[in-house]
Amino acid sequence: MSPRPYVLSIVTVISAFMGASLKYSLAQTPSQSIQNYFSSLITYLFTAPGLSGAVLALIVFNVYEYMELGRTIKMGIGWRSALLVGALCGLFSDRMIKALQVLVGG
């Protein structure tokens, strides 16, 4: 990976939270107060939707170099790929988990 793989893993998890925040923001109505919005966002990030995206991003990024995705994008292991994998996992964690359930037959 890199001389300091834990730093890239931290970047991946943070970008997964940013992707989950974007997903949450797009689903909200604009008439919500700021205080209610941020308290709901914090709850969203530290419950199943946000945490599942972060864990999924950590797993996917750490096996990224062995996946077909890494070969088709042709982006080396670095902070850019960590941001991309993390944000995509944060945005699409529910779809990725459903795909994994279908794959394993659950």
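The values are calculated or read from the model by the stated rules, or taken from the named source; none is laboratory data. Given the structure is predicted, the values throughout are model-derived calculations rather than measurements. Every residue, glycine among them, receives a Cβ derived from its backbone with ideal geometry; neighbour counts consider all protein chains shown.
Does Ile34 meet the test of being within 26 Å of Ile77 (Cβ to Cβ) and at pLDDT below 95? Don't jump to the end; show me each part of the working.
Working: within 26 Å of Ile77 (Cβ to Cβ): no; at pLDDT below 95: yes.
No: the conditions fail for Ile34.
On the given criteria, is Leu26 under 20 Å from Asp94 (Cβ atoms) and in contact (Cβ under 8 Å) with a residue 40 or more places away in the chain?
Working: under 20 Å from Asp94 (Cβ atoms): yes; in contact (Cβ under 8 Å) with a residue 40 or more places away in the chain: no.
Answer is no for this residue.
Consider Ser2 against the criteria (1) surrounded by fewer than 19 Cβ atoms within 10 Å (Cβ to Cβ); (2) modelled with pLDDT of 90 or more: it satisfies all of them except one. Which criterion is unmet?
Going through the list (1) surrounded by fewer than 19 Cβ atoms within 10 Å (Cβ to Cβ); (2) modelled with pLDDT of 90 or more, Ser2 breaks only (2).
For the stretch 19-62, give me each residue that is exposed (fewer than 11 other Cβ atoms within 10 Å of the Cβ) and β-branched (Val, Ile, Thr).
Thr29, Ile34, Thr47
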